[in-house]
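Below: one structure, written as structure tokens.
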Amino acid sequence: MKKFSIIVLLFSLIFLFAPNASALNSAVYFEGGADNFVFYPGSEWNETDLFDGFKSAMPGDKLTETVKVRNTAPEYDYVKIYLRAEAHDESANPLSDSVAETETVATMSDFLAQLTMRVYNGGELVYNATPDQTDGLSSNVLLGEFVEGAGTTLTIELEVPKTLGNEYMHRSGEVDWIFTAEGYVDDKPCNCPSCCCQNCESGGNTQPEQLPDGTGQSANSPFTFDSVFGYALILVLSLLGLMASVIVIRKLKQKANLKNE
Amino acid sequence: MKKQKLLALGLSLLAVAMVGGTSAFFVTSDRAHNVITTSGVAIELIEDTNQTGVDGRPIPLTNIEDAHPGDSYSKIPQVKNVDEGEVWVRIKVGRGAKLDNGDEITISDNSISANYNTRNWLNGGDGYYYYYRALKAGETTEPLFTEVTLANELSNTYNGATFSLDLQAEAVQVANNGLSVYDAEGWPEE
């Protein structure tokens, strides 16, 4: 059975101390406005890091992290929040600088392939694979539809095999998650939790905990390819429907004319 | 009149489609860079003596030269945990001699004895002494011994020989690895 171990003959090298992992809760707030998403608490590795509890893992560890996802944007009747994962490569999605200091995409993927991760949205399993894979999060997964103050909780389980060898000491791996929010203002009835607020807790009135003081990072990307494509599709279908209506009516008209003749 | 009906029908269809598709009027995305890291195990073997150099630091002792039967020497081996996780620790003590003719031989435990600290170090009977408790980050063990003594009965073969005590310290993680040092698995393979 492999575990982290070491032999020292005479004098060994001295390693730097690393800080112990703290036990802060992780959260994602959709704030709307200019801030959009805010990630909490972040880490020394990245200010958007949600895996606070997955630091300094050891062989045999079974770790659990919970991430609260909340809609705190007041300007919408409700918001749909989606999650997907994105794999890393050297060009399209390179590693963060902090991880790239000691890892390449290949070495990091090898490290992550040793681990097992499961992600639950509420009680629903949405991901079960090694963290180098995107698995069930390859495309957007709807986490729920939330009124202001409502949300869901992601539970992430990480297993480190007992057989993990010394070559995986002091390693790091990056798992990118993309959160997408669609804000709606319409007359759709929303009697949380029975209707539109799937997975929301406390009847949709859950207020967010203390917001981070600028610890999150946001980036505006108001229209995704999916949404633009959706609008275009609706427009095309509408035009096709209009054309079909014209053709049918014209044929009916022709038939009526032939009968009259 | 029919043209007007036709136009009204088309516009109605278009209006219905557009109303259904524009309720989501704002879409935004953002990325979380989540990082998983592992810890590690690292120790430092300290082999000081009770003698200090001009800089005030203890002088380490590895070889015993110009020795005579019955001579005693200060040697204080300790292990320090220099990583972030708790570790179980053990030490193996080897004895050797380099004879005057250049031959290097292994000598018996009785040839060089030590005043083992059996209160804190447990003789495993497998050549290793096991530290009695887990060593936390930054902690240093109690000394394995503080003095070694050459046997009185050394033969003339060892005239001019250089004696050595070869210490090998090993550590393995405490996390998920037994309730005592004897239960621990995953020691480095010899």
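FYI, it's all coordinate maths here, none of it is from the lab. Note that the structure is a prediction, hence the values are computed from the model and not measured. Neighbour counts run over all protein chains shown; Cβ positions are idealised from the backbone, glycine included.
Here are some notes:
- Relative packing of peptides A:90-100, B:134-144 - highest average C-beta neighbours within 10 Å first: B:134-144, A:90-100
- Mean projected area of the convex hull spanned by the Cα atoms of chain B, taken over all viewing directions: 22.5 nm².
- Helix B:2-21 and the longest principal axis of the C-alpha atoms of chain B enclose an angle of approximately 20°.
- FRET efficiency, 1/(1 + (r/R0)^6) with R0 22 Å, evaluated for B:Asn123 and B:Leu179 via beta carbons: 0.65
- Packing-based order for A:170-180, A:79-89, B:95-105, B:68-78, using average beta carbon neighbours within 10 Å, highest first: A:170-180, A:79-89, B:68-78, B:95-105
- Residue-averaged beta-carbon neighbours from other chains (10 angstrom radius) around A:171-184: 5
- Counting only other chain Cβ atoms within 10 Å of each residue's Cβ, the peptide B:167-177 averages 6.
- Separation of the B:Asp166 and A:Asn25 label points, Cα + 7 Å toward Cβ, nm: 5.8
- Here each label is just a point 7 Å from Cα along the line to Cβ, and for A:Leu142 and B:Ser74 those points are 7.7 nm apart.
- Between B:Arg57 and B:Lys136, the distance separating the two model label sites (each 7 Å from Cα on the Cα→Cβ line) works out to 2.7 nm.
- Counting, for every residue in A:53-61, the Cβ atoms of other protein chains within 10 Å of its Cβ and taking the mean gives 6.
- FRET E, pair A:Ala106, A:Glu159, Förster distance 25 Å, beta-carbon r, rounded to 0.05: 0.65
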